[in-house]
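**Student:** Here's a structure for you.
The values are calculated or read from the model by the stated rules, or taken from the named source; none is laboratory data. The structure presented is a predicted model; accordingly, all values stated were derived computationally and were not measured. Backbone-built Cβ (ideal geometry, glycine too); neighbour counts: all protein chains shown.
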Amino acid sequence: MSKKKEKKTFLKNVLRYITLVVMMFVSAISYNLFLNPNNIVSGGTNGLSIIVQEVFGIDPAIFILIFSAIVLIFSFLILGIEMSSSSIVAILIYPFFVSITSGITTISYLQTDDKLLVGIFAGIISGVVLGTICKIGFSQGGIIQISQIINKIFKFPIAKVNFVINAFILICGVFVFGLSSALLGIVVLFISSLIVDRILLGISSNKSFLIITTKEDKVKEYINKKLGHGTSIFYVNDNSGNGERRAIMTVIPTRDYYKLVDGVKKIDKDVFFVVTDSYQLEGGF
């Protein structure tokens, strides 16, 4: 590897760690400003720490550190170093940030009584933090590592295990803080998941069409000449017993969606097509 490439890789890794530290600090502020003061149990280690603080009086920063460290140890033993090491930095610095930002609620102009607004902003921040951390190749550890451990041992799907654990934490929140806390927690989780998807996948600016028609030449000509977009032709199996049929695939900007749909339906009213979002488009065809 050349020195220039080594320097570029080094700077990239430095930027990754700086981003991680900033995201952990922002997450800690959100925890102490929105989640903890309003008893919003939104699942995860944060939600669990709020419940433990209320029931046992344990400082959230201490609980988060101990709980995450214990999970990390089991993760190293069961999942191995490669899958576990990405969460070490976050596990060490996040409780520290939670501790030093715990007094932020004393700042009067940062206080609000509108809990729904609080839940919305907490969800947005949570989604930005989680999405960014995942995108740069790190992990927050905690509950998600528990899901990975259970998946490794029992082969249960990670997404389902994670859902069950978070649902259990939300139910515990209902018994400790009441239904309103759990409902706000659901709002936070919902908004957070939307933001994570947008950060990881981006905003879809294109639509991908798979078109099966008996008038493929006219449809192809319409897409190529009238709309000015490329097409690809490939064969698909026909379950009707007529053998293989040709299918047209094209990717168009979202703004041309209705033009293509209306135009193709005018050419062939019995046309069959499938439309999906396209988040990344490279090259040409």
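**Student:** Please go through segment 1-38 and pick out each residue that is exposed (fewer than 12 other Cβ atoms within 10 Å of the Cβ) and in contact with a helix residue (DSSP H, G or I) (Cβ under 9 Å, 6 or more places away or on another chain).
**Tutor:** Met1
**Student:** Is there a residue being of a type outside the set (D, E, K, R) and touching a Pro at 6+ places or on another chain (Cβ under 9 Å) anywhere in segment 124-139?
**Tutor:** no
For (1) assigned by TED's automatic domain parsing to the domain that holds Ile136; (2) touching a residue at least 24 places away in the same chain (Cβ under 8 Å); (3) among the hydrophobic types (A, V, I, L, M, F, W, C), each residue gets a yes or a no:
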residue: Phe168; (1), (2), (3): yes, no, yes
residue: Val176; (1), (2), (3): yes, yes, yes
residue: Val187; (1), (2), (3): yes, yes, yes
residue: Ile195; (1), (2), (3): yes, yes, yes
residue: Arg245; (1), (2), (3): no, yes, no
residue: Val251; (1), (2), (3): no, yes, yes
residue: Ile267; (1), (2), (3): no, yes, yes
residue: Val271; (1), (2), (3): no, yes, yes
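**Student:** Condition test on Phe168, is it among the hydrophobic types (A, V, I, L, M, F, W, C) and under 20 Å from Gln53 (Cα atoms)?
**Tutor:** Against the criterion (among the hydrophobic types (A, V, I, L, M, F, W, C) and under 20 Å from Gln53 (Cα atoms)), Phe168 qualifies.
**Student:** When both residues are 6+ apart or on different chains and their Cβ atoms are under 6 Å apart, which pairs have a first residue that lies in segment 49-75 and is farther than 13 Å from Ile144 by Cα, and a second that is among the hydroxyl-bearing types (Ser, Thr, Tyr) and assigned to a helix (DSSP H, G or I)?
**Tutor:** Pro60/Ser49; Ala61/Ser99; Phe63/Ser49; Ile64/Thr45; Ile64/Ser49
**Student:** Report, by residue number, each residue of segment 63-89 that is closer than 13 Å to Ile143 by Cβ and under 24 Å from the mean Cα position of the chain (by Cα).
**Tutor:** Listed by number, the residues that qualify are Ile64, Phe67, Ser68, Val71, Leu72, Ser75, Ser87.
**Student:** Taking Asn242 and the conditions (1) under 37 Å from the mean Cα position of the chain (by Cα); (2) exposed (fewer than 11 other Cβ atoms within 10 Å of the Cβ); (3) modelled with pLDDT under 85, which numbered condition does it fall short on, given that it satisfies the others?
**Tutor:** Among (1) under 37 Å from the mean Cα position of the chain (by Cα); (2) exposed (fewer than 11 other Cβ atoms within 10 Å of the Cβ); (3) modelled with pLDDT under 85, Asn242 violates only (1).
**Student:** Is it true that Gly202 is within 30 Å of Gly43 (Cα to Cα), of a type in the set (Gly, Ala, Ser) and modelled with pLDDT under 85?
**Tutor:** In short, yes.
**Student:** Give the number of residues within segment 39-54 that are surrounded by 23 or more Cβ atoms within 10 Å (Cβ to Cβ), touching a Pro at 6+ places or on another chain (Cβ under 9 Å) and over 15 Å from Ile70 (Cα atoms).
**Tutor:** Qualifying residue count, segment 39-54: 2.
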